[in-house]
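The values are calculated or read from the model by the stated rules, or taken from the named source; none is laboratory data. The structure presented is a predicted model; accordingly, all values stated were derived computationally and were not measured. Neighbour counts are summed over all protein chains in view; Cβ atoms, including those assigned to glycine, are modelled from backbone coordinates with ideal geometry.
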Amino acid sequence: MAPTLSPPDLVARLQSKEPLLWLNPNLGSALPDARPSFKQIVEAEQRLERCEALLANLFPDDICGPLESRLDCAAPLKRALMPPDGDQGAWFLKRDDTLPVAGSIKARGGFHEVLAVAESIAMRHGLPDIDADARLLASAQARALFARHRIAVGSTGNLGLSIGVLAAAFGFEIVVHMSSDAKPWKKERLRQRGVQVVEHDGSYSDAVAAGREEARALPHCHFVDDEHSLLLFLGYAAAARPLARQLAQAGRVVDAGHPLVVYIPCGVGGAPGGIAYGLKALFGPHVHCFFAEPVASPCMLVQLAAAGDQAVSIYDIGLDNKTDADGLAVGQASLLVSPLMASQLSGIFTVSDEQLYRQLQQAKDAMDIDLEPSAAAAISGPSWLCGSVEGRAYVRDHELDLDQATHVIWATGGSLVPREEHRRFQAHAQMLANRSATNPACAD
Ligand SMILES: *Cc1c(COP(=O)(O)O)cnc(C)c1O
């Protein structure tokens, strides 16, 4: 039987795959007692900071300085997408597509978890002085130790890239379980770095489950569990403070009169959930977080709209999880993250694949940025908030002064995507644009 979602017409609207904005009726409700603490987020920030020099040593060609991405002014994108009348605030793009080594938002959670595991193994085995100098985690002694340990992960692609490349650099034995929709170039890139790639016929959840099972049976194996991992979550949450610093540097105030609105693409929910959680810890009610999900894979939306403890997947309402946004092709949301987002998330909007390609092209035309389809999902966020009936209701109910708002669109991946693939994305976007120009009925 199909689950009951609220509002009552939501299931039919999701089944029609018509893009929509869903507002979270439980925003502002109490957080569960079992929740990550502020102290844990600070510890994640400190771990990433402590390991800056280590990462720079491991990847001298790719990393210099902190593992942080730029915050770009996105005025050209705003000009392209918004009606010229009215102000409606300042637009920024958070450029996680340029994060070094991993090329996606997965660098945040993935690196944090591998670093935490490496530190913990080194501590357990009495490796000296690593808390004084994390660079010792790259010593010959540490390598010999890590070679006896295995790290495994299940992934649609980008998490595997992030975990795989860093774990391999440390000398871990590393296995990445990939779903069938993972892109061939991602598998290839990992194999080149000595990572074992195991391919699974089924979905992302099947790949995760297979990896989890295998890891359970092995001693000395750490499984990075994208559906449950607190270490991943905390690594993402650590993104909040650097963003706050960048906003301050850009002269943007965040308070009751100056709302911050953040739009982030959502797969299983760890990355956007962690970031939203970290931002809420810093800005409270003055930050408004919206997620973007493909129309075929709105897993966080169905989980939150079902408003219970029971797991609800997109398959339960007859959706097929078929989307070109491979990073977002997830059928079941993380049950670690969904109870937290139940009280913190403002809403979720959905995106068709056609729209993804259009947005990818808009980022290219306006800002000369090459994103992967998943990473373009959030670009329609401000238009939903400022231009839809639901969005305007939200603005009214929360008394947001849009002219004073700061909109941050999270661009989540793309810089490692081969040239060839980017050309294919753009050709596809062009083909769709031509088709809707010659046949207006096909637009949207
Ligand atoms: C993984 C990913 C996301 C979403 O992160 P989740 O933790 O799965 O919700 C968004 N964009 C890209 C490019 C990704 O790889």
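Listed values, structure above:
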item: Subset tally (residues that are part of a helix (DSSP H, G or I) and not charged (D, E, K, R)) for region 188-205; result: 4
item: Long-range neighbours under 8 Å by Cβ, at least six apart or interchain, first residue under 14 Å from SER180 (Cα atoms) within region 139-160, second more than 16 Å from the ligand (Cβ to nearest atom) and assigned to a strand (DSSP E or B); result: GLY160/VAL197
item: Of all residues making up region 81-105, the number that are surrounded by fewer than 18 Cβ atoms within 10 Å (Cβ to Cβ) and either of a type in the set (Gly, Ala, Ser) or not assigned by TED's automatic domain parsing to the domain that holds LEU247 (or both); result: 1
item: Pairs where the first residue, in region 392-405, is in a loop (DSSP other than H, G, I, E, B) and the second is hydrophobic (A, V, I, L, M, F, W, C) and surrounded by 14 or more Cβ atoms within 10 Å (Cβ to Cβ), C-beta under 6 Å, 6+ apart; result: ALA405/VAL261
item: Members of region 256-272 that are within 25 Å of GLU399 (Cβ to Cβ) and in a strand (DSSP E or B); result: HIS258, LEU260, VAL261, VAL262, TYR263, ILE264
item: Candidate set: region 292-313, residues that are within 14 Å of the ligand (Cβ to nearest atom) and in contact (Cβ under 8 Å) with a residue 60 or more places away in the chain; chosen: the one farthest from PRO32 (Cα to Cα); result: PRO294
item: Those residues of region 169-186 which are assigned to a helix (DSSP H, G or I) and surrounded by 19 or more Cβ atoms within 10 Å (Cβ to Cβ), in sequence order; result: ALA169, PHE170, LYS186
item: Residue list for region 315-345, filter: over 21 Å from GLY274 (Cβ atoms) and within 14 Å of the ligand (Cβ to nearest atom); result: ASN321, THR323, ASP324
item: Filter pass, ALA140 being in the same structural domain as LEU400 (by TED's automatic domain parsing), of a type in the set (A, V, I, L, M, F, W, C) and away from the ligand (no atom under 16 Å from the Cβ); result: no
item: Any hit, region 279-290, residues being in contact (Cβ under 8 Å) with a residue 60 or more places away in the chain, over 17 Å from GLY28 (Cβ atoms), under 20 Å from the mean Cα position of the chain (by Cα) and within 16 Å of the ligand (Cβ to nearest atom); result: no
item: Filtered residue count, region 395-419, keeping only those that are under 24 Å from the mean Cα position of the chain (by Cα) and either away from the ligand (no atom under 16 Å from the Cβ) or not assigned by TED's automatic domain parsing to the domain that holds GLU18 (or both); result: 4
item: Those residues of region 345-371 which are closer than 22 Å to SER388 by Cα and part of a loop (DSSP other than H, G, I, E, B), in sequence order; result: LEU345, SER346, SER352
item: Every pair of residues 6+ apart whose Cβ atoms lie under 8 Å, when the first sits in region 77-99 and is β-branched (Val, Ile, Thr) while the second is within 16 Å of the ligand (Cβ to nearest atom); result: THR98/SER69; THR98/SER415
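Matching residues to (1) assigned to a helix (DSSP H, G or I); (2) buried (at least 18 other Cβ atoms within 10 Å of the Cβ):
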{"residue": "LEU243", "(1), (2)": "yes, yes"}
{"residue": "ARG252", "(1), (2)": "no, yes"}
{"residue": "GLY274", "(1), (2)": "yes, yes"}
{"residue": "PRO285", "(1), (2)": "yes, no"}
{"residue": "SER297", "(1), (2)": "no, yes"}
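Matching residues to (1) under 27 Å from GLN246 (Cβ atoms); (2) more than 15 Å from the ligand (Cβ to nearest atom); (3) acidic (Asp, Glu):
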site	(1), (2), (3)
LYS94	yes, no, no
SER120	no, yes, no
ILE130	no, yes, no
ASN158	yes, no, no
PHE170	no, yes, no
VAL176	no, no, no
GLU188	no, yes, yes
